[in-house]
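The values are calculated or read from the model by the stated rules, or taken from the named source; none is laboratory data. Remember, it's a predicted structure, so these values are computed and weren't measured experimentally. Please note: Cβ atoms are built from the backbone with ideal geometry, for glycine as well, and neighbour counts cover all protein chains shown. When the accessible area is computed, the model is the full protein with side chains, heavy atoms only, and any ligands, DNA or RNA have been set aside. Shrake-Rupley method; radii C 1.70, N 1.55, O 1.52, S 1.80 Å.
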Amino acid sequence: MTVPVGETLVLEFDAQAGTTFTAKVLFSHASFHADAELAKQCTAASTALSDLADASNGLAESAISQQQAEGLMAQASVALQPASSAGVVGRQLEALRAWLINNPQADPRTAPGLGTGTITDLCVDNESPLIIVSSYGG
């Protein structure tokens, strides 16, 4: 994360009662280098979750048929192929891909919940944000 000179950075976190944390903030002039593998995972997640959003929202609005939704779910599965299963994001994406493969005719609104907050945070921290685009509201 880069904070421009003169700008303020506010760090917030939630902790359970009784938990003690120590923070050590370091500053560096070295450039940030994104994790290339995580960036690939974030791109794959963006594409797949956009396809799932289209399938879910399109069905909910009666804008697409079940067959079209199944096609979008298949596209989501293909989008996840290049992503490795390493790390927190990779494991969650692999679980979603397995669900898509094993449930090709399922209602996309029943897809397993991902820790999208975690995925979003990790992708943003890596400067490769998760971007979900849906053609059908939602």
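Checking each residue in segment 42-65 for being open to solvent by 50 Å² or more (accessible area, probe 1.4 Å) and either among the acidic types (D, E) or touching a residue at least 40 places away in the same chain (Cβ under 8 Å) (or both) picks out T43, A60, E61, A63. Checking V78 against (1) open to solvent by less than 30 Å² (accessible area, probe 1.4 Å); (2) of a type in the set (V, I, T); (3) over 20 Å from V124 (Cα atoms): exactly one of these is not met. Which one? Unmet condition: (1).
On the stretch given as segment 85-129, residues that are modelled with pLDDT of 85 or more, open to solvent by less than 30 Å² (accessible area, probe 1.4 Å) and closer than 25 Å to A60 by Cβ total 4.
For beta carbons closer than 7 Å, sequence separation of 6+ or different chains, a first residue in segment 70-89 that is farther than 13 Å from N102 by Cα and among the hydrophobic types (A, V, I, L, M, F, W, C) and a second that is surrounded by 15 or more Cβ atoms within 10 Å (Cβ to Cβ) and at pLDDT below 85, the qualifying pairs are V89/I119. In this structure, D35 does not satisfy being at pLDDT 90 or above, surrounded by 22 or more Cβ atoms within 10 Å (Cβ to Cβ) and among the charged types (D, E, K, R).
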